[in-house]
Amino acid sequence: MTLEDLVRLRRARDRMDREYAEPLDVPALARGALMSPGHFSRSFRAAFGETPYTYLMTRRIERAKALLRRGDLSVTEVCFAVGCTSLGSFSSRFTELVGESPSAYRARGHDEGANIPACIAKAYTRPVRIREVKSAPPRLA
């Protein structure tokens, strides 16, 4: 992979970070990176350790968690606000990454993290696929 490829992949990732609520797909992201969709997906995974779709959904779920903690939007409103078009798919992915349904997450209290700086909270609360955590080897202290 060339330096130019890495720069284009980083731009695509930055675009996903900024435009997570927009209808983004691999072919559109690949065009922006001047790559074929297949090459883009393989290169993205090699560079960042996850597929473009997984990365984008993680960003969307991170934002959804923040909106649900606020408590002023319904789960359906949050689903569409973060760029998902199917409530069922959103709920399934949310549950897979967070370990509880969006409704359950929204209903429980979130006061315990109110005094934690946002940069720390973001790193600590980043969604992780449940099956990756279960299959990961134990970490050494």
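Read-outs throughout are calculated quantities, based only on the coordinates presented, and are distinct from any laboratory measurement. In this text, all values refer to a predicted model and were calculated from it rather than measured experimentally.
Looking at the range 22-80 from every direction and averaging, what is the projected area of its Cα convex hull in nm²? Don't skip to the end; give the middle numbers.
Details: hull surface 17.7 nm².
Spelled out: convex hull of the Cα atoms, projected over all directions, averaged, 4.4 nm².
Relative to the compact-globule scaling 2.2 N^0.38 Å, provide the ratio for the alpha-carbon radius of gyration of the range 1-54. Write out the running numbers ahead of the final one.
Details: Rg = 9.9 Å, N = 54, 2.2 N^0.38 = 10.0 Å.
Relative to the 2.2 N^0.38 Å estimate, the range 1-54 comes out at 0.99.
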